[in-house]
Amino acid sequence: MGKLLISSALLIGPIWAQYSDLVSTRDGNQLYFSSSLRLRGTSEFDTPKIFRYTSAFDLIQQPATSNEWLVEPEVSADGSVTGYTATFPFECSHTFCDTLTPAPESGVIPGVKIPHDPLSYLIGRLRLSRDGKSAMVCCGKVAVRTEPKLVNLATGAVVDLKGFDAIGDGRQALGESPGGSVIVLLINHQNIPFLYTVGKTTELHFGHTPILARMSRDARTIVYEAAEAGGRYQLIVHHAGTGTEETLQTGPPVPQVVRGPAPTYFQPWLSDDGLSVLFLEGAAGSTSQQAFVQSTNGSGLRQLSKASNVPEGVNIATLSGDGSLAYAGTPNGRILRVAVASGNIDEISGATPQLNGLQTVAVGSVTWVFGTAISDGTHPRIMVGDREAPVISAQPSLVKFQIPWETPADKAVEVRLAYGPPPPFESVLTITTATINAAFLAQPVVSSDVLAYHQDFRSFVTPSDPAQPGEIIHFYMSGLGPVTNPLATGQKTPTSGPLHKAIYPPICGVPLTGVVTVNAPVRFAGLAPGYVGLYQMDLEVPAGLVNADSQLGCSVPDPVYGGYNVIQTDLYVRVP
């Protein structure tokens with residue numbers, strides 16, 4: 001029998017990278033970012049929060065509730081003013097949460113008293129000027145386009161930039177004139193870029209339609225990314241004073257996109273003086289991206305991270321305002337600080353697992369956690385509450401283990417995973433355990449739809465090799481709950497001796513027409529011999545079915561709340 005890895009019903013939480021939205025001060029001495037991770041040993045929410053790094057990591061803003069996410073931190077050049085965007089992607093009542101589409105968003109600037117507090121009623125994402133005197137609320141997901149609002153933080157005055165939008169995410173879109181007036185990089189509804197300042201707009205003549213743009217502090221240099229359908233990604237520098245442009249880099253072909261602009265590829269970040277741009281690009285001989293820096297005059301291309309020191313590649317990076325330091329996040333959760341001049345790399349946070357979801361939450365059952373960098377090739381240590389869980393197998397993105405039988409049912413517990421030297425952060429998955437949380441399991445080597453073995457275990461039940469009426473076929477399952485003759489946590493089910501039957505076995509049937517259902521007798525349901533925490537259900541295929549691909553429905557008793565929970569799968573059967 002093969003290794004069973006896939007569930008027909010996964011419990012998936014929000015999936016995100018370990019770190020996002022990196023931004024730093026002008027001198028690079030302060031790094032800000034958003035992360036759902038926790039500082040090790042704390043009891044923070046598992047949702048995105050705002051962190052800062054100076055010589056150590058600090059949590060500077062925690063959500064007020066578990067359904068609030070804090071994202072996209074902003075910081076002035078000198079670090080005296082910080083802000084972020086608060087968003088509420090879920091609305092929760094009792095034990096149920098509904099996804100809000102679009103999610104409400106608003107900007108927050110802690111510690112700054114703005115007259116009339118316009119940020120409290122403006123919808124969108126916060127963007128902060130480098131001098132910390134102005135903010136823009138833009139880029140909201142409440143519509144295809146959200147017209148930006150420009151806010152004077154000293155007076156609370158709001159300018160409605162009607163007919164315009166930010167370019168892409170709107171970051172680094174605010175500059176300053178020699179007299180101190182704010183300058184804003186915008187795009188109109190015809191995709192024509194403009195500079196706005198003190199009630200005046202100046203049209204810019206880009207050679208291509210931008211999907212993302214970064215502007216220098218004096219608004220004279222703009223680096224933008226173009227991704228025109230049928231073409232290739234381009235990273236282009238535009239000189240606002242002369243209107244001239246040069247292509248700095250050409251990337252891979254632009255993927256086909258059904259709706260909206262293509263995703264960013266280069267993820268550029270510009271120094272305050274506009275002389276240097278940091279970007280990500282696939283390095284020669286590698287499928288992952290690495291960090292590069294280049295002068296905006298086209299010279300001085302340098303690769304900051306390489307396969308030799310960052311083999312996993314880089315998925316996010318930022319550049320300090322003075323261009324002296326770069327910070328990079330990697331897919332396995334490392335944060336790197338790079339001295340641009342020397343190329344020296346310091347690891348300020350080591351590899352950190354990101355837990356994204358759990359297959360089942362039933363006590364005693366085999367389950368698996370999936371995520372990013374959750375194994376380094378060895379078996380990690382998994383804690384379910386205060387109990388260590390037996391690990392069965394481990395891959396970089398999936399670790400199979402058993403939820404200990406001693407774990408309290410119907411209680412909120414935290415799942416933690418660790419290996420190697422402990423990094424500053426940890427990913428914690430908060431689950432509510434269950435007595436029963438049944439699911440069919442599939443064999444991925446054949447097909448995610450293959451859920452059963454033939455009676456003699458010779459092969460899988462498939463559309464081309466269906467089950468016969470009267471045949472006993474075998475399903476593998478998780479989460480069927482307590483059994484007779486209980487076993488110890490981590491103990492394989494014996495292949496001989498008394499059976500370990502489910503105390504609350506499923507009741508199964510196959511619908512024919514209307515409300516008519518044919519009973520499918522369950523001959524055995526319980527722990528599968530030779531496995532840890534894996535369940536087996538032996539079912540007799542009923543006669544009289546009329547569809548070769550029938551729907552098998554199984555009602556699983558709920559011993560805590562009463563009633564039944566129904567799970568379904570395809571049943572491939574030979575018909576006349």
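In the range 533-540 there is at least one residue that is among the hydrophobic types (A, V, I, L, M, F, W, C), within 35 Å of the chain's Cα centre (by Cα) and not in a strand (DSSP E or B). Residues in the range 459-488 that are farther than 17 Å from Asp570 by Cα, surrounded by fewer than 19 Cβ atoms within 10 Å (Cβ to Cβ) and β-branched (Val, Ile, Thr): Thr484 alone. The single condition from (1) over 15 Å from Ala341 (Cβ atoms); (2) in a strand (DSSP E or B) that Gln294 fails is (1). For the range 363-392, residues that are outside any strand (DSSP E or B), crowded, with 22+ Cβ neighbours inside 10 Å and modelled with pLDDT of 95 or more total 3. Looking across Ile222, Ile236, one residue alone is closer than 21 Å to Val293 by Cα and touching a Lys or Arg at 6+ places or on another chain (Cβ under 8 Å). It is Ile222. Looking across the range 102-116, just one residue is exposed (fewer than 13 other Cβ atoms within 10 Å of the Cβ) and among the charged types (D, E, K, R), and that is Lys113.
No other residue among Leu185, Leu161, Leu150 is more than 31 Å from the chain's Cα centre (by Cα) and not assigned by TED's automatic domain parsing to the domain that holds Leu270 apart from Leu161.
Just to be sure before I move on: is Thr360 outside any strand (DSSP E or B) and farther than 16 Å from Tyr419 by Cα in the structure I sent?
It is true that Thr360 is outside any strand (DSSP E or B) and farther than 16 Å from Tyr419 by Cα.
Report the residue count in the range 154-172 for those that are in contact with a Leu (Cβ under 8 Å, 6 or more places away or on another chain) and in a loop (DSSP other than H, G, I, E, B). The number of residues fulfilling the criteria is 6. Within the bounds of the range 370-383, is there any residue that is outside the structural domain of Lys492 (by TED's automatic domain parsing), charged (D, E, K, R) and within 26 Å of the chain's Cα centre (by Cα)? Among the residues of the range 370-383, at least one is outside the structural domain of Lys492 (by TED's automatic domain parsing), charged (D, E, K, R) and within 26 Å of the chain's Cα centre (by Cα), which makes the answer yes. When we screen Ala64, Ala77 for residues that are more than 21 Å from Ser427 (Cα to Cα), in a loop (DSSP other than H, G, I, E, B) and either within 16 Å of the chain's Cα centre (by Cα) or not assigned by TED's automatic domain parsing to the domain that holds Val413 (or both), the only hit is Ala77. Would you mind stating whether Ala173 is over 20 Å from Leu119 (Cα atoms) and either modelled with pLDDT of 95 or more or buried (at least 20 other Cβ atoms within 10 Å of the Cβ) (or both)? No; evaluated as a whole, the condition is false for this residue.
Filtered by the rule that a residue be within 16 Å of Thr432 (Cβ to Cβ) and more than 25 Å from the chain's Cα centre (by Cα), the range 405-418 gives Thr407, Pro408, Ala409, Asp410, Lys411. Determine, yes or no, whether Gly300 is closer than 30 Å to Glu245 by Cα, in a loop (DSSP other than H, G, I, E, B) and out of contact with any Gly (no Cβ under 8 Å at 6 or more places or on another chain). So Gly300 passes the test.
The values are calculated or read from the model by the stated rules, or taken from the named source; none is laboratory data. Just so you know, these numbers come straight off a predicted model, no measurement behind them. Quick reminder, even Gly has a Cβ in these numbers, built from the backbone with ideal geometry, and neighbours come from all protein chains shown.
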